[in-house]
């Protein structure tokens with residue numbers, strides 16, 4: 001503290017004012033409200049990710065059929081939650097708790113709860129539908145037979 005002309009002058013103390021602290025807390029609260037749903041796992045996001053992985057495998061099966069000019073089969077075992085490309089080293093798994101229902105040609109049923117979808121060298125397929133479900137959410141993957149086109153959407157009964 002110094003004196004100047006009979007008055008004492010104090011230097012400002014370094015720190016934050018109450019208003020500044022309230023502003024920072026408000027910003028942190030708003031930021032956490034926006035980021036929490038993005039960062040925390042949810043069944044809807046898990047299912048969307050699983051459906052994206054299945055679509056990637058379906059497209060890979062189609063690409064291999066076209067590139068190798070040979071028929072290739074995508075398989076799914078709904079009981080074990082496995083899927084992949086026949087004669088491939090990698091089987092993939094659906095997230096725990098995910099249900100799967102496959103609609104395909106009767107000749108492509110591989111047993112109880114298992115079946116396949118074939119892709120041909122021209123890009124066409126035997127066609128089919130795979131419905132994935134998890135905790136009340138459902139995604140439907142359709143494979144067109146004529147073009148082999150793969151589409152995803154919300155499940156509609």
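The values are calculated or read from the model by the stated rules, or taken from the named source; none is laboratory data. Note that the coordinates shown come from a computational prediction; the quantities given were computed from them, not determined experimentally. Here Cβ is always computed from backbone atoms with ideal geometry, including for glycine, and neighbour counts include all displayed protein chains.
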So which strands (runs of 3 or more DSSP E) stay within segment 21-117 end to end and still have 2 or more residues that are in contact (Cβ under 8 Å) with a residue 40 or more places away in the chain and either in the same structural domain as residue 139 (by TED's automatic domain parsing) or buried (at least 16 other Cβ atoms within 10 Å of the Cβ) (or both)?
72-77
Those residues of segment 124-137 which are farther than 17 Å from residue 77 by Cα and either at pLDDT below 95 or loosely packed, with under 14 Cβ neighbours inside 10 Å (or both) amount to 135, 136, 137
